[in-house]
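Here's the structure, in structure tokens; my notes come after.
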Amino acid sequence: MSNSTKHEAGFVVNGLYRVSPKDRDRFADLVRANVPVARLAEGNVYYSFAIDVVDDTVFRMAEAWVDREALETYMRTDGFQQTLIELREITILERVANSFDVRNTQPVELPTSERSNH
């Protein structure tokens, strides 16, 4: 469970990992073990990884923290440092991560379809 009921996101990270097909399951297991720990970290708002529906060697991540300092504090923890050590054994073909400092967030509403289902 994330801390989203307690905090508002101030810092967001989105990205992806593309891993070697031979390491796909190993990467998934590593992420699966790490996500619940990250969600409980002080200052975490949400933390998620998802397997791409088109390419199952691509893992998309989305995470939010109250601020950059909260993320940096988490990345210094023993648990996260151990995850980095374990990642060395996985062939990562591509890693992209972009951070966003967000101060003013608003929900995005889907427009109503003008097409009839009849």
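The values are calculated or read from the model by the stated rules, or taken from the named source; none is laboratory data. Since the structure is predicted, the reported quantities are computational estimates derived from the model, not experimental observations. Note that each Cβ is placed from the backbone with ideal geometry, even for glycine, and that neighbours are counted across all protein chains shown. What goes into the accessible areas is simple: the full protein's heavy atoms, side chains included, and nothing from ligands, DNA or RNA. Shrake-Rupley method; radii C 1.70, N 1.55, O 1.52, S 1.80 Å.
Annotations for the structure displayed:
- Qualifying residue in the range 83-96 (condition: charged (D, E, K, R), open to solvent by less than 40 Å² (accessible area, probe 1.4 Å) and touching a helix residue (DSSP H, G or I) at 6+ places or on another chain (Cβ under 8 Å)): no
- Options Glu42, Glu109, Glu114, Glu8; residue that is assigned to a loop (DSSP other than H, G, I, E, B), in contact with a Ser or Thr (Cβ under 9 Å, 6 or more places away or on another chain), free of Cβ contacts under 8 Å to residues at least 60 places away in the same chain and of a type outside the set (A, V, I, L, M): Glu42
- Every residue from the range 25-45 that is at positive phi and open to solvent by 30 Å² or more (accessible area, probe 1.4 Å): none
- If you go through the range 70-111 and keep only what is over 23 Å from Arg39 (Cβ atoms), more than 17 Å from the chain's Cα centre (by Cα) and at pLDDT 95 or above, you end up with Arg88, Glu89, Thr91, Leu93.
- Residue ID - farthest from Phe11 (Cα to Cα), chosen from residues in the range 70-82 that are free of Cβ contacts under 8 Å to residues at least 40 places away in the same chain and open to solvent by 30 Å² or more (accessible area, probe 1.4 Å): Gln82
- Lone qualifier among Glu63, Glu114 - being more than 13 Å from the chain's Cα centre (by Cα) and charged (D, E, K, R): Glu114
- Residue within the range 46-69 that is loosely packed, with under 12 Cβ neighbours inside 10 Å, in a loop (DSSP other than H, G, I, E, B) and either among the aliphatic types (A, V, I, L, M) or modelled with pLDDT under 95 (or both) present: yes
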